[in-house]
Structure formats: structure tokens, C-alpha cells
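What follows is a set of notes on a single structure, which appears directly below.
We did not get these values from a lab; they are worked out from the coordinates using the rules stated. As the structure is a computational prediction, the values presented were derived from the model and not from experiment. Cβ sites come from the backbone with ideal geometry, for glycine too, and all protein chains shown count toward neighbours.
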Amino acid sequence: MERLETLMKNALAVEGGNWLAEVNVGEILVRKGRNEEATAHFRNAVRLNARSPQARYNLATSLSSGGRYAEALEHFQAALEMQPAATLTLNNLALALSALGRHEEAAARMESALRLSPRDAKGHYNLGLVLDAAGRLGDAERAYRRALELDEAMVAGHNNLGVVLARQAG
């Protein structure tokens with residue numbers, strides 16, 4: 001991966017102004033755990049090509065990873081304007097909204113994603129997270145159960161379902 005990072009950075013030095021090279025370097029840096037550096041590259045990619053849903057999405061996820069949810073929302077929403085059926089973007093937008101305490105709006109976004117991709121186990125799990133955060137334990141339980149129907153090996157789903165059941169039992 002070190003060699004790939006060097007090659008991509010060299011491409012940036014030679015070509016300059018290549019939004020896709022900025023995205024590629026950012027993705028490499030994310031995999032290496034260097035999120036702040038990655039964010040800078042994703043910002044450059046958006047500056048160079050604001051109409052790229054890939055650049056917007058990567059910047060938004062990088063910002064979310066750094067806890068900058070409010071700023072991430074702008075970029076998730078811009079990516080969705082370009083690709084309204086992008087379920088992964090809808091999922092991550094919903095999680096950012098929930099992190100900001102906007103749980104009902106987050107649940108609506110997550111449900112929109114699930115209408116597009118009803119067999120997405122991770123989407124049902126994420127809906128469970130959002131509903132749990134909203135205090136809607138019965139609905140969260142149903143979402144976790146659906147996630148586990150689709151992916152019975154999902155460890156986090158089993159864990160969160162157990163936590164919700166325990167909280168419901170008092």
C-alpha cells in the first residue's frame with residue numbers, strides 16, 4: 001500500500017488538479033488510518049469537481065468519521081442530489097442525522113434506503129440503531145430482528161437486539 005500511495009501522490013504532483021487522483025490518495029489514507037490527511041484530499045477533490053458524487057460521499061464519510069456530522073450532512077445531501085438512489089449514502093446520511101439528535105429524520109432517510117434495497121441487512125441494522133437512539137425500542141427490536149433474518153451471522157445485530165430486549169424487560 002505504501003507503493004500505491006507514493007504512485008498516487010506522484011500522479012498528483014505531475015498532473016495537479018486531478019480530482020480522481022485526490023480521491024484515490026484519500027481512500028488510501030483512510031485505509032491507513034490517516035483520516036485528517038484523507039479529508040484534505042477529499043476536500044481538494046470536491047474543490048476540483050463539486051459535481052462528483054464519489055468525491056462528495058468520500059468527504060462526507062471522512063467528516064463523519066471525525067465527528068463533524070453537521071459539515072458531513074452538506075456533502076451527503078449534495079451526493080444524493082446527484083444520485084438519489086444511492087442507498088449507502090442514504091444510510092450514512094441517516095447515521096449522521098441521528099448523531100446530531102435528529103432521530104426521526106434519520107429514521108425516515110433510513111426507511112427510504114430500505115425501500116430501495118429491502119434485503120440490506122446492514123440497512124435494517126442501521127435503522128435499529130436510529131430507532132433505538134430515538135427511544136423507539138419496539139421498532140428497534142423489529143429492525144434488528146429483520147437484519148438478523150437477512151444475516152444471521154451479524155454479531156452486532158445479536159448484541160444490539162439483546163440490549164434492546166433487556167431494556168424493554170426493565
Cβ-based net charge around residue 46, under 9 Å, with every Lys or Arg adding one and every Asp or Glu removing one: +2
With Cα atoms, 0 to 90° folded angle of helix 35-48 axis to the chain main axis: 70 degrees
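State whether the stretch 85-170 is rounded, prolate or oblate according to the following rule on the C-alpha gyration tensor (a ≥ b ≥ c being the square roots of its eigenvalues): a/c under 1.5 gives rounded; otherwise a/b larger than b/c gives prolate, and the remaining case gives oblate. Don't skip to the answer; put the middle values down first.
Values: a/c = 2.15, a/b = 1.23, b/c = 1.75.
Note, shape of the stretch 85-170 comes out oblate.
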Percentage, to the nearest whole number, of Cα pairs in the chain over 21 Å apart: 53 percent
